[in-house]
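Worksheet for the structure shown next.
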Amino acid sequence: EWYLNKTTKQFQMYFGTASPSAYPVKVSTLDTLIGMNGKGYITIRDLAFEGANANTIYAFNCNNISVINCDVRNAGESGVMTWNTSNFLADGVTTNNTLNNGIFGLNSKVSYATVRNCVVKNNGVLPGMGLSSGNSYKGMRIDGNFLTIEYNKLDSIGYSGIEFQGNDVMVRNNVV
């Protein structure tokens, strides 16, 4: 059990009879670890992220965004989220222990997204911890036209492994 004393701004944790020094304690203080709005031609490569309160990597109204060989752990919402982002690539991304969605691309007016060689594990498996909308507890959801979702592995997903919407969509060689 844990408690935040707002007056003293101290975090307190109860360990019973066990020694607190036997346990690592990590607390997230940021909602988004990488946030982009209206940006273009950005590549995020070979990085490890842990502990966002909301979305670990978030791109809004962007273009030509690539996330390559990154490890995303313990996100309060989605590991990687794009909104109205065209020419998006997720390649070799691993997400583990996200409470809402692993890789989420809501692209109502956008084209060209590729999600390949990604691993999504332990996603949305704690009931009530994700968002309450219909876009919750999904390993991958990618919307838009000219989509490719291939060679991904999804394990222990709370609701839907792979969901997509749009035209000219190829979903192949995934393991759910």
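The values are calculated or read from the model by the stated rules, or taken from the named source; none is laboratory data. This is a predicted model, so every value here is computed, not measured. Methodologically, a virtual Cβ is constructed for each residue, glycine included, from the backbone with ideal geometry; neighbour enumeration extends over all protein chains shown. Remember, those area values only see protein heavy atoms, side chains included, never the ligands or the DNA or RNA. Shrake-Rupley method; radii C 1.70, N 1.55, O 1.52, S 1.80 Å.
For the reader, a short list of remarks on this structure follows.
- Pairwise Lys count, the chain - Cα closer than 16 Å, eight or more residues apart or different chains: 4
- Cα gyration tensor shape of the stretch 17-75, rounded if a/c is under 1.5, else prolate or oblate by comparing a/b with b/c: prolate
- Gain in span if fully extended, GLN165 to ASN145, counting 0.36 nm per residue against the direct Cα distance: 6.4 nm
- You can think of it this way: the chain between TYR41 and ARG172 has 44.5 nm of extra reach, that is 0.36 nm per residue less the Cα-Cα gap.
- Percentage, to the nearest whole number, of Cα pairs in the stretch 69-157 over 23 Å apart: 15
- FRET efficiency, PHE11 to ALA48 (Cβ-Cβ, R0 25 Å, nearest 0.05): 0.60
- Filtered GluC sites (Glu not before Pro), the stretch 1-78: DSSP coil and at most 14 other beta carbons within 10 Å: GLU1
- Å² of accessible area per residue within the stretch 1-128, as computed with a 1.4 Å probe and no ligands counted: 55
- With all protein chains in place and a 1.4 Å probe, the accessible surface of the chain carries 50 percent carbon and sulfur.
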